[in-house]
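The values are calculated or read from the model by the stated rules, or taken from the named source; none is laboratory data. Quick caveat, the model's predicted, so the values are computed rather than measured. A quick note on method: Cβ atoms are made from the backbone with ideal geometry, for glycine too, and the neighbour counts reach across all protein chains shown. With ligands, DNA and RNA removed, areas are computed over all heavy atoms of the protein, side chains included. Shrake-Rupley method; radii C 1.70, N 1.55, O 1.52, S 1.80 Å.
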Amino acid sequence: MDTSAATLVVTKLPEVKVKGRQTGEIAVDPVTNQRLMTLELVFIAAGGSDMIKVTVPEQGVGEGLVMGAPVILSGLVARPWESEFGGRGRHGIAYRADAGMVSAPAAVQG
């Protein structure tokens, strides 16, 4: 997914992703067995903005990801999902990236 024309900003500090809410089981990558983290971001592009949650392996979480920090995501993939819970259909888009790191703010021109 190309995000070069968008601005991504941290809205919540990275957190460990929980797989099972009742059990507290931590989500891990099935291939690397690495803990997964969730980054909550605002995605701003022409036409508006959206809040998104992006899953990133723990080692892919860059230093300095604090509230309001601009972010660059590498290897971002968006996958649609559907499920049924309690007789009601739900759907959405799951975002996954290889890494999320602080982007240097654009230089002020004047």
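Rounded, prolate or oblate for the stretch 44-110? Axes are the square roots of the Cα gyration tensor eigenvalues, ordered a ≥ b ≥ c, and the cut-off for rounded is a/c under 1.5. Cα axes put the stretch 44-110 in the prolate bin.
For the stretch 4-76, the solvent-accessible area with a 1.4 angstrom probe is 61 square angstrom per residue. Across 44, 52, 72, mean-square fluctuation computed from a Gaussian network of the chain (C-alpha pairs under 10 Å connected) peaks at 44. Largest first, the residues 85, 43 sort by 1.4 Å accessible area into 85, 43.
Remark: accessible surface ordering of 11, 23 (largest first) is 23, 11, probe radius 1.4 Å.
In the stretch 26-100, carbon and sulfur make up what percent of the accessible area (probe 1.4 Å)?
Of the solvent-accessible surface of the stretch 26-100, carbon and sulfur hold 54 percent.
Have a look at 65, 41, 13 and tell me which one the Gaussian network model of the chain (Cα, springs below 10 Å) gives the largest fluctuation. In the Gaussian network model the winner is 13. Shown here for the stretch 5-97: trypsin sites (Lys or Arg not before Pro) in loop regions (DSSP other than H, G, I, E, B) with at most 12 other Cβ atoms within 10 Å, namely 21.
As a length-normalised measure over Cα pairs under 8 Å and 6 or more apart, the relative contact order of the chain settles at 26 percent.
For residue 50, the solvent-accessible surface with a 1.4 Å probe is about 100 Å², rounded to the nearest 10. Rounded to the nearest 20 debye, the dipole size of the stretch 28-110 about its Cα centre is 160 debye, using +1 on the Cβ of Lys and Arg and -1 on the Cβ of Asp and Glu.
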